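See below for the structure under consideration.
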Amino acid sequence: MAEVQGLVRVGRRGISVVSWIGGISILSSRFLYHLKDIPRSARVIFEQFNSIGVKSLPLIIVIAVFVGAVSAWQAAYQFKFIGAPLRYLGQAVGKAVIMELGPVLSALVFAGRVGAGITAELGTMKVTEQIDALDSMGISPNRYLMMPRVLACMLMVPLLVVFADFVAIMGGLVVSVVGVDVSTETYLNGLKSSFQLGDLVNGLIKAWVFGLIIGLVACFEGFRTQGGAEGVGTATTQSVVISMVLVLVFDFIFTVLLFRI
Amino acid sequence: MAESFIQLERLSKSFKQKQVLDGISLDIRRGESICIIGLSGSGKSVMLKHLMRLMDPDEGRILVDGQDIAELEGEDLVAMRRRFGMLFQGAALLDSMTVADNVGLGLTESRKYTDEQIEEIVISKLEMVGMVDSAEKLPSELSGGMRKRVGLARAIATDPEVMLYDEPTSGLDPVTSDVIDDLIVELNQKLHVTSVTVTHDMRSAFKIADRIVMLYGGHIEFDGSPEQIRNNTNPVVQQFIAGSARGPIRVA
Ligand SMILES: Nc1ncnc2c1ncn2[C@@H]1O[C@H](COP(=O)(O)OP(=O)(O)O)[C@@H](O)[C@H]1O
Ligand SMILES: [Mg+2]
């Protein structure tokens, strides 16, 4: 009996995962469909760029400074330990930031700040019947609410990553000069000699996909919110957890695909 | 009698284990004013939402002018919904926009009006509900009753053929309630707007309705004129219109 019940539970889980994937796939197709409405929704999209992108910038910058600084310090410590020359410090920080830390940490911060915000907003609109009200006026919530938000996430994450990369590298520079006694010139030379445009492009493509994931998950979880204020809380937590996990999973998939060992 | 307009055929809807609507059939005629009464949680709002397909039934169907609305998609569905206006129980104003923008939203998004026309319509509708002075306020600055009135102005902004009112006067003072009731009657009688009003307030129901329908236990317990409901001997109906705690109705 207990085994059967366990099996039923596992089965239900499986079904809910499958229906989640189905639901998010449908939402993705609605997103693509409504891209044709970009011109008529220009004003709403612009507002989202501002509230989603511009307002995330300060937090991303603060985090990037420290990420760069810690990377430089840790790298210097490891270099000393294995006796590697410090002129490679700029290279180590640059590669780590541009390929991994910039895109992944920015996406995680973005999921926590923007993804949560979108789910809470749409979830509140759902439980207070504002979504029904839009439908009742013949206004598609997917066009009016979802498309502008997902689009803004998709375009803003890469843009934020560019800032984050730059600021993190500068943070690394400050630590190198002040704390490790590597000159600015040495640090920047190390950075330049190893810099490849391909790395930056890969990082930005990842960022673009992460943004898309965060936007879609946030809208999906918002739209299916049920049950008052408590439901909004649950949906918001769920949205952040799912998008963070997906960001890391997709990062792993990218890494395996791009860097054949 | 006027022609049949909206037909509900054996409509059933349940949430999880709970059967909310259990085979409801109802014929709404063009131009009539129906009041839906019933206990809280008896499925009045759920029924109303089905009429413009904000919810899909588990079983049964809804015909509007003979067309099964479950078959409508895309632009056809939008066109059907634009024939309806709905005042939601909690008003459901978009919190991020001013009162005027809320009222004008359906007009703006339909892209059939100029900004000047929209402004004119918005002001006239807000005047009808006595809310012009609050045009530039945000919904969060309004009381519950004021939000309801704005919700009503928004619902009638596009001059729908059918109005669905979900508890239009609950939470309003008696004087404002009467103003809203008058407005509902006026829209129905002068502009021939078919109206379906959910209410707990028997006084409003008697004032507004050509016909009263009582939902109870997932089915229609009573369907008849205000005259008939007064003289009805069904103990459930009697208890409800008398508003008494004693009787066959058990509040779960
Ligand atoms: N979206 C929903 N999800 C789950 N249950 C719902 C939903 N909408 C309504 N219900 C349930 O259906 C029942 C009827 O609700 P409702 O139609 O709002 O009652 P009322 O007659 O007071 O308007 C209630 O028990 C309510 O909890
Ligand atoms: Mg209700």
For the pair A:D181 and B:D95, what calculated FRET efficiency results from E = 1/(1 + (r/R0)^6), where r is the Cβ-Cβ distance and R0 = 45 Å, to the nearest 0.05? 0.25
Note on the range A:102-240: contact order normalised by length, alpha-carbon pairs under 8 Å, 6 or more apart, percent, works out to 51
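Of B:K18/B:K44; A:K36/A:K126; B:K44/B:K125; B:K13/B:K49; A:K55/A:K206, which sit over 19 Å apart, Cα to Cα?
Over 19 Å apart, Cα to Cα: A:K36/A:K126; B:K44/B:K125; A:K55/A:K206.
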Hey, how many Å between the Cα centroid of the range B:136-167 and the Cα centroid of the range B:36-56? 18
Average silhouette area of the range A:46-256, convex hull of alpha-carbon atoms, in square nanometres: 12.7
Anyone know which of B:A91, B:A209, B:A70 comes out most mobile in the 10 Å Cα GNM of chain B? B:A70
Quick one: which residues, 5+ away or cross-chain, put their amide H under 5 Å from the amide H of B:L39? H built at 1.01 Å from N. none
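Let me have the relative contact order for chain A, percent, based on Cα pairs under 8 Å that are six or more residues apart.
Across chain A, relative contact order equals 32 percent.
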If you rank A:Y77, A:Y187 by fewest surrounding Cβ atoms within 10 Å, what's the result? A:Y77, A:Y187
Evaluate the relative contact order of chain B (contact order divided by residue number), counting alpha-carbon pairs under 8 angstrom at least 6 apart; express in whole percent. 24
Hydrodynamic calc, the range A:77-138: Kirkwood Rh from Cα pairs, then Stokes-Einstein at 37 °C with viscosity 0.692 mPa s, so D in µm² s⁻¹ is 212
Bins of 10 Å from zero: percent of alpha-carbon pairs in chain B: 7, 30, 36, 22, 5, 0
Quickly work out the B:A242-to-A:F81 label distance, labels modelled 7 Å from Cα along the C-beta direction, and quote it in nm with one decimal. 8.5
Amide H partners (placed H, <5 Å) of B:Y216, local residues excluded: B:E221
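No value in this document is a laboratory result; all are computed from the given coordinates. These figures come from a predicted structure and were not determined experimentally. Cβ atoms come from the backbone with ideal geometry, glycine included; neighbour counts cover every protein chain shown.
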